[in-house]
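The values are calculated or read from the model by the stated rules, or taken from the named source; none is laboratory data. These numbers were taken from a predicted model, which means no experiment stands behind them. When we count neighbours, we look across all protein chains shown, and the Cβ atoms used for this are built from the backbone with ideal geometry, even at glycine. We work out accessible area using only protein heavy atoms, side chains counted, and drop any ligands, DNA or RNA first. Shrake-Rupley method; radii C 1.70, N 1.55, O 1.52, S 1.80 Å.
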Amino acid sequence: MIGILITGVQSGSPAERLGIRPGWRLERIGDHQIEDVLDYRFRAAEKNLTLRLCDQSGASATLSVQKGEYQDLGLEFASYLMDKQKSCRNNCVFCFIDQLPPGMRESLYFKDDDERLSFLFGNYVTLTNLRGRDVERIIEMRISPVNVSVHTTDPELRVKMMGNPDAGKVLGWLPRLAEGGISLNAQLVLCPGLNDGIHLERSLRDLAALMPSIQSVAIVPVGLTKHRQGLAELRPFTGAEAAATLDALIAFGDEMLAKHGRRVFYASDEFYLLAGREFPPESFYGDFDQLENGVGMSALFASEFADALERTPPNATPRRVSIATGVAAAPLIRKLMGQAREQFPETRAEVFPIVNNFFGEGVTVSGLVTGRDIIAQLTGKDLGEALLIPRSMLRHEGDMLLDDLTPQNIAQALGLPVRPVEIDGGELLDALLGKVKDAHSGDARHLPLGGRLP
């Protein structure tokens with residue numbers, strides 16, 4: 001059927017005042033056919049609109065509406081995209097979803113590659129689902145920035161890495177988007193011996209040529225689980241390789257800083273950990289454009305914690321808690337807990353790095369720790385009054401970990417409150433000092449250590 005099905009109308013909205021009802025279909029706004037959320041949001045922003053709809057009987061209606069600029073019409077649809085979500089057409093050699101074990105919840109196996117999710121939620125897209133009309137629509141609607149998974153700017157190598165014959169030629173959309181005034185964020189997942197070294201150097205130079213449209217670029221090491229049977233042979237970075245890559249990226253960032261006034265290209269925190277290097281200061285990371293890729297998260301977190309300590313009076317009720325986190329993040333968390341103990345000597349926090357037996361010991365990030373591993377490794381331990389876990393261990397809805405266990409399940413198994421904590425230094429200090437009332441075992445509250453700390 002033509003048009004997008006309207007499933008609800010908000011009370012008091014312009015749509016309700018027009019008499020629009022659930023079950024009607026939205027066909028056009030002005031002269032433009034509405035196919036998805038991008039069409040709807042862009043075309044519905046004006047003050048004066050003409051809507052073309054049809055009711056349940058199929059009868060057409062043309063309605064005029066006056067509203068505030070950018071005021072929502074008040075229409076609700078079956079999905080936020082108003083259309084089917086686009087799935088990935090690639091077969092990337094490093095794809096993490098291909099490395100998931102069987103038996104997990106179905107939603108974890110879906111690979112999205114949808115430019116609309118880049119606009120709505122900051123997701124990264126590979127461009128292989130885009131056609132010319134999609135690119136022109138992005139430019140017309142000023143959908144910016146667009147987040148792109150580039151990986152390499154060598155067309156032949158990109159085809160090889162992504163298993164898609166179109167993967168190389170769609171790189172041409174990058175200069176077209178830049179010419180159209182669209183800002184770009186990019187990420188490169190580096191696989192040693194594949195797209196690092198001279199290939200990385202080419203990618204950096206090619207992306208730098210798109211300045212000033214390139215807003216930021218994150219370079220992250222490939223993540224490998226133990227579930228790679230039948231997949232391409234890949235290996236992790238050695239410490240020496242990580243150090244060499246880091247040196248190259250810092251030098252290139254220095255060059256960009258001198259030339260453009262901003263660093264632009266950043267290694268993720270994982271490269272510093274692999275190389276055994278100290279993290280740069282907070283000032284190194286500019287506006288922290290790539291936090292979601294783990295770039296500068298550790299430096300920002302440590303700075304927030306230090307600021308919170310400085311603002312907090314040195315008196316607190318004696319308290320002892322435990323913190324479960326990923327293996328990679330544990331040294332930083334221990335360092336922060338040492339700083340807290342200097343100011344609050346009666347407060348104790350023991351940090352437990354959780355070895356990832358579910359995905360393999362090579363996976364050390366906090367966000368991929370499972371409830372079963374937490375329970376198995378902490379059962380019988382003296383955990384104090386409460387267990388703090390990174391909020392990043394939970395899915396977006398905040399209710400369960402990757403293995404479908406909830407904080408309540410962990411609380412019941414271990415016999416103490418479990419509190420998820422956001423990756424925010426102030427939030428962690430508050431949780432440590434018990435400034436928020438403890439959750440009861442089996443009824444843990446979600447306090448907004450986590451995020452994507454490595």
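Cysteine residues of the chain whose Cβ has no partner cysteine Cβ closer than 4.7 Å: CYS54, CYS88, CYS191. The stretch between ARG131 and ASP307 holds 58.6 nm of extra length on full extension. This uses 0.36 nm per residue minus the Cα-Cα distance.
Just the Cα atoms of the range 67-208, one point each, no solvent: what log10 I(q)/I(0) does Debye give at q = 0.22 Å⁻¹? Summing over Cα pairs of the range 67-208 leads to -1.49.
In the chain, the DSSP beta bridges split such that about 40 percent are antiparallel, to the nearest 5. Under the simplified labelling scheme, the GLN343-THR317 pair shows an inter-label distance of 2.0 nm, with each label point 7 Å from Cα along Cα→Cβ.
For the range 379-422, the ratio of Cα radius of gyration to the globular rule of thumb 2.2 N^0.38 Å stands at 1.11. Between the range 154-191 and the range 69-103, the alpha-carbon centres lie 20 Å apart.
If the Kirkwood radius is taken over C-alpha pairs of the range 1-111, then at 4 °C and 1.567 mPa s the Stokes-Einstein diffusion coefficient equals 81 µm²/s. Rounded, prolate or oblate for the range 30-71? Axes are the square roots of the Cα gyration tensor eigenvalues, ordered a ≥ b ≥ c, and the cut-off for rounded is a/c under 1.5. Here the range 30-71 falls in the oblate category. Expressed as a whole percent, the accessible area of the chain that falls on carbon and sulfur atoms is 50 (1.4 Å probe).
Here the range 1-25 is scanned for amide nitrogen atoms under 18 Å from the site 7 Å beyond the Cα of ASP72 along Cα-to-Cβ, giving 5-23. When each of the peptides 362-374, 97-109, 224-236 is scored by the mean number of other C-beta atoms lying within 10 Å of its residues, the order from highest to lowest reads 362-374, 224-236, 97-109. Per-residue Karplus couplings for the range 124-135, computed as 6.51 cos²θ - 1.76 cosθ + 1.60 with θ equal to phi - 60°, are listed in order as 9, 10, 8, 6, 6, 8, 8, 10, x, 5, 5, 5 Hz, Gly and Pro entered as x. For the pair the range 236-261 and the range 264-307, the centres of their Cα atoms are 14 angstrom apart. Evaluate E = 1/(1 + (r/R0)^6) for ASP399 and ASP247, where r is the Cβ-Cβ distance and R0 equals 35 Å; express this FRET efficiency to the nearest 0.05. After rounding, the FRET efficiency stands at 0.25.
For LYS169, a cut-off of 17 angstrom between C-alpha atoms picks up these lysines, skipping any fewer than 8 places away in its own chain: LYS160. Entry note, the range 204-340: relative contact order of 22 percent, from Cα contacts under 8 Å with a spacing of 6+ residues. Which residues in the range 212-230 have a backbone N closer than 17 Å to a point placed 7 Å from the Cα of MET104 along the Cα-to-Cβ line? Once the point is set 7 Å along Cα→Cβ of MET104, 222-230 turn out to lie under 17 Å by backbone N, inside the range 212-230.
Taking every protein chain into account, the accessible area of the chain amounts to 45 square angstrom per residue (probe 1.4 Å). The listed peptides 428-435, 208-215, ordered by packing as a protection proxy, come out as 428-435, 208-215 (highest mean of other Cβ atoms within 10 Å first).
Other residues whose C-beta falls under 10 angstrom from the C-beta of LEU383 contribute a net charge of -1, scoring Lys and Arg +1 and Asp and Glu -1.
Mind checking which aspartates and glutamates have their Cα closer than 15 Å to the Cα of LYS67? Skip sequence neighbours fewer than 8 apart in that chain. Within reach: GLU16, GLU46. Compute the separation of the alpha-carbon centres of the range 1-31 and the range 381-415 and state it in Å as a whole number. What the calculation gives is 42 Å, centre to centre. Ordering 421-427, 387-393, 60-66, 134-140 by mean Cβ neighbour count within 10 Å, with the highest value first, yields 387-393, 421-427, 134-140, 60-66.
Derived scalar couplings between HN and Hα for the range 145-154 equal x, 9, 9, 10, 7, 8, 6, 7, 9, 7 Hz in order, rounded to whole Hz, by the Karplus curve 6.51 cos²θ - 1.76 cosθ + 1.60 (θ = phi - 60°), x for Gly and Pro. 3J(HN,Hα) along the range 3-10, derived from phi through the Karplus expression 6.51 cos²θ - 1.76 cosθ + 1.60 where θ = phi - 60°, amounts to x, 9, 5, 8, 9, x, 10, 6 Hz, with x in place of Gly and Pro. If R0 equals 25 Å, the separation of the Cβ atoms of ARG202 and ASN91 corresponds to a calculated FRET efficiency of about 0.60.
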